[in-house]
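Have a look at the structure below, then the notes.
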Amino acid sequence: MNSPQKKSVFVLSQLALIFFCATMSSGIYAKWDEERDMTTNGKEELVYYFKTNEQGQKLVLDKYVKRLIFIRPDKFYKRSIKQIKIDGVPVDVNSDPFSHYPEQTAIVFENKDEVLKKLFLAKKIEFNVLYGREEAVSTFQIK
């Protein structure tokens, strides 16, 4: 092979390696399902990311208000969430139930941008949900 052919083979092999790495790394990130919704005026389309666990509970990642929404259809509407674990790392949070949708609880955190990034890349999210004095754990596996 002459010099220009060697350079071409080298460049093509480097491009193939970059393409291979890019396609493989996309599988590393957590997969959230997407839900699209139109604004009330119908001018904008909003994209929300969500995950549903085996118990039928739903977790919505609201990137617009920078919060999580925990949805659990049950008879115990008075619930509070003080801490979540993102891939085993505890994060202190505050929760606030929606008055018009009692099965939904908004979860907010202090460092919103950092926590949202961790949530988007998380593989496992755990909640300690308090119903008065009773505690339940909700787990979401994100694959």
Inverse of mean 1/r across different Cα pairs in the stretch 33-141, Kirkwood, Å: 14.4
Run the numbers on the stretch 33-141 and let me know its relative contact order in percent, using alpha-carbon pairs under 8 Å that are six or more apart. 22
What ranking do 131-137, 45-51, 97-103 get when scored by the average of other Cβ atoms within 10 Å per residue, highest first? 45-51, 97-103, 131-137
For Thr52 and Val89, compute 0.36 nm times the residue count separating them, minus their Cα-Cα distance, and round to one decimal in nm. 11.2 nm
How long is the gain from Glu45 to Ser80 if the chain were fully straight, where each residue apart is worth 0.36 nm and the alpha carbon distance is subtracted? 9.5 nm
Just want the ordering: Asp113, Asp33, Asp62, from fewest to most Cβ atoms lying within 10 Å of their own Cβ. Asp113, Asp33, Asp62
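We did not get these values from a lab; they are worked out from the coordinates using the rules stated. Every value quoted in this text rests on a predicted model; they were computed, and no experiment measured them. Cβ sites come from the backbone with ideal geometry, for glycine too, and all protein chains shown count toward neighbours.
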